[in-house]
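These notes concern the structure reproduced below.
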Amino acid sequence: MKPRDRLRIAMQKSGRLTEPGLDLLKRCGLTFRQSRDKLFCFGEGEPVDLLLVRDDDIPGLIAQGVCDLGIVGRNVLAEFQLTAGRETAALSELRPLGFGRCRLSIAVPQELDYQSPQQLSGLSIATSYPGLLGEWLRTQGVEAGVVTLAGSVEIAPRLGTADAICDLVQSGGTLVANQLREADVLLESEAVLAGPEILPADERGDMLELLLKRLDGVIQVRE
Ligand code: PRP
Ligand code: ZN
Ligand code: MG
């Protein structure tokens, strides 16, 4: 791969983290030339460019060195850390960003009287987070089936393909609409700045340090 002298940040193309993410970068003094539907946005003032992608692809892009940083949900980063192969570069959460707060939770049909995780024994649970769910089930000493779905997880109980789900909950609206209710929380999530465990030691590293400093300033002002 060609060495890059500009920093590249991956971000969700369209979704809940897009607007607040762009807003945060703007307040860090970063402006971008291209339109957002071009998926690659060239940074004007500073040598920092944006790549707009699917959120689930962000950790992999950083691990491969295609991007230096990513703005992504802690849930997506943690799932990658649990499921990526040993040969994959290690990633870390550089900063929590304070927006996009939500929970990764177990949800069960409204009529089920949930008291403890042990009740999930022998049931099947649909999720897009098999790594995080599997780890939680092990910690709880519960043996349950895990059905991995890329999306529309909430519909699985009604279709009869799973008894419960494990998915993100923000307002709770999706659960209510699907006659489910939140039963247990696995992870408190929010948008984070993700990066490689070993930061680049060239100009990109200097820019990254500057960006982190500005970020800390912006986050402090907001709190
Ligand atoms: C998430 C999650 C639920 C929904 C919950 O999906 O998978 O479907 O939000 O939010 P609520 O509690 O406010 O209803 P989202 O559409 O954000 O992203 P996804 O396409 O990656 O699943
Ligand atoms: Zn997603
Ligand atoms: Mg969803």
When restricted to G100, G141, the only residue among the small types (G, A, S) and away from ligand 3 (no atom under 16 Å from the Cβ) is G141
Taking the stretch 185-223 and keeping residues surrounded by fewer than 18 Cβ atoms within 10 Å (Cβ to Cβ) and touching a Pro at 6+ places or on another chain (Cβ under 8 Å) leaves E190, D202, E203
Taking first residues from the stretch 167-191 that are without any contact (Cβ under 8 Å) to a residue 24 or more places away in the chain and among the charged types (D, E, K, R) and second residues anywhere that are in a strand (DSSP E or B) and within 15 Å of ligand 3 (Cβ to nearest atom), the pairs with Cβ under 9 Å that are 6 or more apart or on different chains are none
Just one of Q119, Q110 is away from ligand 1 (no atom under 16 Å from the Cβ) and out of contact with any Phe, Trp or Tyr (no Cβ under 7 Å at 6 or more places or on another chain); which is it?
Q119
Please go through the stretch 15-32 and pick out each residue that is surrounded by fewer than 13 Cβ atoms within 10 Å (Cβ to Cβ) and within 16 Å of ligand 1 (Cβ to nearest atom).
E19
One residue from S128, S121, S92 being within 16 Å of ligand 2 (Cβ to nearest atom) and of a type in the set (S, T, Y)
S128
For the stretch 42-55, indicate whether the set of residues that are within 16 Å of ligand 3 (Cβ to nearest atom), within 24 Å of E190 (Cα to Cα) and either at pLDDT below 95 or not in a loop (DSSP other than H, G, I, E, B) (or both) is non-empty.
yes
Residues satisfying the stated conditions in the stretch 56-79, i.e. within 9 Å of the chain's Cα centre (by Cα) and either in a helix (DSSP H, G or I) or assigned by TED's automatic domain parsing to the domain that holds D167 (or both)
D56, I58, P59, R74, N75, V76, L77, A78, E79
Condition (residue is part of a loop (DSSP other than H, G, I, E, B), more than 16 Å from ligand 2 (Cβ to nearest atom), among the hydrophobic types (A, V, I, L, M, F, W, C) and surrounded by fewer than 16 Cβ atoms within 10 Å (Cβ to Cβ)) applied to the stretch 162-176: is it met by at least one residue?
no
Output the residue which, of all residues in the stretch 11-29 that are touching a residue at least 60 places away in the same chain (Cβ under 8 Å) and away from ligand 2 (no atom under 13 Å from the Cβ), is nearest to Q170 (Cα to Cα).
P20
If I go through the stretch 94-113 residue by residue, how many of them are part of a loop (DSSP other than H, G, I, E, B) and over 28 Å from R222 (Cα atoms)?
4
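The values are calculated or read from the model by the stated rules, or taken from the named source; none is laboratory data. Owing to the predicted nature of the structure, the values given are computational and were not obtained by experimental measurement. FYI the Cβ positions are ideal-geometry reconstructions off the backbone, even for glycines, and counts take in every protein chain you see.
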